[in-house]
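The values are calculated or read from the model by the stated rules, or taken from the named source; none is laboratory data. All figures in this text were calculated on a predicted structure; none of them were measured in a lab. Please note: Cβ atoms are built from the backbone with ideal geometry, for glycine as well, and neighbour counts cover all protein chains shown.
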Amino acid sequence: MLIFAWLVIGLAAAAVYTWYVARHETSELRLFAVGLIIAALIYVGLAIWQRDDFWVGMEIAGAVAYTLPALAGLRGHPNWIAFGWLLHPLWDIFLHFMGPGAHIVPGWYAWACVSFDIWVGAYILQRNWKH
């Protein structure tokens, strides 16, 4: 039941985020790309907060990995940005909810991110930019 509540909160936050980004049509893709990078950098900050040097390195590697589709989407097809957002829930669940990095991220945050990430990725896919 509690997981469902966090999923709903993530959806609500994603709806607000996509509404805000959609209001900035000329920079919409850039805002989604930057958002993906920021989403990954939040985990770096959480690892720093936990003072776990190993996980700081892991999260930096993750931030680099999520920066690649963000940049590819800006330079190529926008679906790369969607791919990054849709891939991110795997990071949330398999590393930070069920996996070895569970001490880095609160469980509620991981679940809220899952629904947030899926909403944003699906929004970008359905948007069908001409690129």
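Observations
- Residue in the stretch 78-91 that is more than 14 Å from the chain's Cα centre (by Cα) and touching a residue at least 24 places away in the same chain (Cβ under 8 Å) present: yes
- Criterion (at pLDDT 95 or above, surrounded by 15 or more Cβ atoms within 10 Å (Cβ to Cβ) and more than 15 Å from Cys113 (Cα to Cα)) met by exactly one of Ala13, Ala70: Ala70
- Sole residue being over 16 Å from Ala33 (Cβ atoms) and touching a helix residue (DSSP H, G or I) at 6+ places or on another chain (Cβ under 6 Å), chosen from Trp85, Trp55: Trp55
- Scanning the stretch 70-82 for residues that are more than 12 Å from Ala39 (Cβ to Cβ) and touching a Gly at 6+ places or on another chain (Cβ under 9 Å) gives Ala72, Gly73, Asn79, Trp80, Ala82.
- Residue in the stretch 110-129 that is closer than 27 Å to Phe4 by Cβ and free of Cβ contacts under 8 Å to residues at least 12 places away in the same chain present: yes
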